[in-house]
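Heads up, the thing below is written out as structure tokens.
The values are calculated or read from the model by the stated rules, or taken from the named source; none is laboratory data. Source: prediction; values computed, not measured. Note that we place each Cβ from the backbone using ideal geometry, even for glycine, and neighbour counts take in every protein chain shown. Just the protein is used for accessible areas: all its heavy atoms, side chains included, with ligands, DNA and RNA removed. Shrake-Rupley method; radii C 1.70, N 1.55, O 1.52, S 1.80 Å.
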Amino acid sequence: MSQLSGIRNSYVLKFGVGVGLVAVAVVAAGVNVYTNLAPQLSPDVRSQLLSGLVSVFLVFVVGVLFLAAALGREALSSLTVLTDRARQIERGNLDANLETGRNDELGELYRSFAAMRDVLRGRIRETERRNRQLQRTASEYSDVMDAVGDGDLSRRLDEDAEIDAMADLAREFNEMMDQLERTVGEVYAFTDEVARATDTLSRQTEESMRASVRVHRAASDIAGDTGRSPEQFAAVEDRIDTASEIEVADSAVEVDDTLDAIDGLSERMDRIDEISEFISDVANETNMLALNAGIEASKVDGDGAEGFQIVAEEVKNLAEETKSSTDEIETITDDIRDGTNDAVESILTQQAALLSMMDERVADLADTSEDLRLSISQLDVSEVPDTDVSVDRRALGEPTQD
Amino acid sequence: MTQPSVWFGIGAAIFAIGVVAFLGFALTRGDIRSPYYFLPPATAAIACVSYVVMTLVEVGIAPAALTVETVRYVDWALSTPFITYYLAMLAGTKLSTRAGAVGLNVAMIAFGYGATVAGGLLQWGLFAVSAVCFVGLLYLFLSTFTRAIRDAPQTSRNLFVSLRDLTALIWSVYPVAYLLGPGGFGAMGTADYSFVVVTLDVTAKVGFIGLMLARQYQLDTFVGAGARATPE
């Protein structure tokens, strides 16, 4: 206000000095006229001249004073009022009264100010409304992300957010969550598959053990029943030995393959663990960023909104990154599934081969025994010393039993 | 040389125009029952009537007891208190202040009239007392009234300040004119003095009305505030 009164005082001073100078000039002109004419005039006419000059001067003074009161201050006070209103607007009072009934330039200036103020007020209200919206959306998002962070993968963000950046964010996040949910579902399904495959594997192994036991018994039976024809026995023994050795060697190779496949599986499982951990981190971080975005939004003015945009952009990038991790998980899961299928297939193939080989051997043994019986009965050979028939039981995986 | 009657006649005509113009405004745009609207034309109407009478006095068809001086001072004694009261009302001063200001105003005119009819030392003594009354009135205008309106809206203050300045500045010329006129040092003759006084009267009263007509939008703020302050 002191500045305003300063402006006013300086204006009044300038105006006063101007009027004073003009008054001095008018008086000088009057004195000039009077002194020029007075010597030629009679005293009566001279006094009339003086009277006239004085009255003219007084009328001049009255006119100037009227103008000073009416126009000078009016124009100035309209400006000071406008200055005062502009200050009020600057201090945040957007309802400052800018009404005027004037139709001159100053009235126009008032109306321009009022129009500017209205636009400003509209913008500010819109921004405030958007900020509230932003805050509300951010807090809703934050809740959803919290729930997701706690493990509820079915939650999704509302994609109908009025602010584009938020809607983009929600879309990206939801897409990421869709993939994550799908991937986790697949991991679960895969785990079931592995369990089933393991069951099959153990069943097959049991079966192959039982088959080995049968082979062993058959061999023992043969050894027990026939104490004769050492040559023939030796031949049988050789055949069985050779067959067992081949079988065991093959089997060892296949088992190694299976073990490798399972090792590979476990490694990949570890990798899945790492990735899951990463996803969890990302979810937490996304959450934090969304919270930050909410905080930013709460103090948004013009520049702050930009700041929020940056945060939202970051959250979006993070979501994209997470999405690509999820893609990676999918790829790995596919690999694991393929690996498991290979492993299971290899085990099944191996088991099938083993069983068919066992069957063949048993059939062979039966044939050989039959031949042996026939030879013995035909030759009627007397007692032959007992021969130690040895089968590498251990190589067949059967515990030694005596 | 132009006769004073011509100036008086012109003055009466200007006052009549002022009264009609303000009444027209008050009736169409304002509220004639409000003192904010009926006081200014009332003041001008008094002046108009007095100037008609002065013209009649000058042309010699009025009662011989009436002189121009008497009619002029009766006019001032009636009309200027209205102006003072109006300013006090605009400023929103207390009733006691308004009464004091009006009393001072009437005293100033009365002592001034005394000075015109007295002679010698008494004339100057009465003139000095009248001048003191005027200084007191100026103090009320510039200090007391202005303090009272300090908290009013800027537009209201604006109109008050303009009217206050007009009144204070123009009224200050009256004693100067009196001193220079035939009753004082005699630098001006009666006719020129009459001309100057007509100019002063017209400026002080019709100028007052003209200013209000030019700022009618600001007068509304007073009427609104007055309506709020004094519920009916």
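Numbers at a glance
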| read-out | value |
| --- | --- |
| Exercise: per-residue mean of other protein chain Cβ atoms within 10 Å, B:169-175 | 3 |
| Residue order for A:376, B:170 - accessible surface, 1.4 angstrom probe, largest first | A:376, B:170 |
| Of all accessible heavy-atom area on the range A:89-213, the percent that carbon and sulfur account for (1.4 Å) | 47 percent |
| Distance histogram in 10 Å bins (all Cα pairs of chain B, percent per bin) | 8, 32, 35, 19, 6, 0 |
| Solvent-accessible area per residue for the range B:33-129 (1.4 angstrom probe, square angstrom) | 43 Å² |
| Residue among B:175, B:148, B:212 farthest towards the positive dipole end of the range B:103-232, charges placed on Cβ | B:148 |
| Order of exposure, largest accessible area first, which applies to B:76, B:7, B:124 with probe 1.4 Å | B:124, B:7, B:76 |
| Percent of C-alpha pairs per 5 Å bin, the range B:60-118, short to long | 4, 18, 23, 17, 14, 10, 7, 4, 2, 0 |
| Average beta carbon contacts from partner chains per residue of B:199-210, 10 Å cutoff | 3 |
| Peptide ranges A:55-64, A:38-47, A:87-96 listed from the most packed, as the mean C-beta count within 10 angstrom indicates | A:55-64, A:87-96, A:38-47 |
| Chains A and B, summed buried accessible surface - 1.4 Å probe, Å², nearest 100 | 2100 Å² |
| Threshold 30 Å², the range A:25-63 residues less accessible with all protein chains present than alone (1.4 Å probe) | A:51, A:54, A:55, A:58, A:59, A:62 |
| Exercise: per-residue mean of other protein chain Cβ atoms within 10 Å, B:155-168 | 4 |
| Inter-site label distance for residue A:28 and residue A:178 at 7 Å from Cα along Cβ, in nm | 9.3 nm |
| Fraction of accessible area attributable to carbon and sulfur, chain B (%, probe 1.4 Å) | 71 percent |
| Exposure of residue A:120 as accessible area (Å², to 10), given a probe of 1.4 Å and all protein chains | 80 Å² |
| Accessible area (Å², per residue) of the range A:136-205, counting only protein heavy atoms and a probe of 1.4 Å | 52 Å² |
| Solvent exposure ordering (accessible area, 1.4 Å, most first) of A:160, A:199, A:84 | A:160, A:199, A:84 |
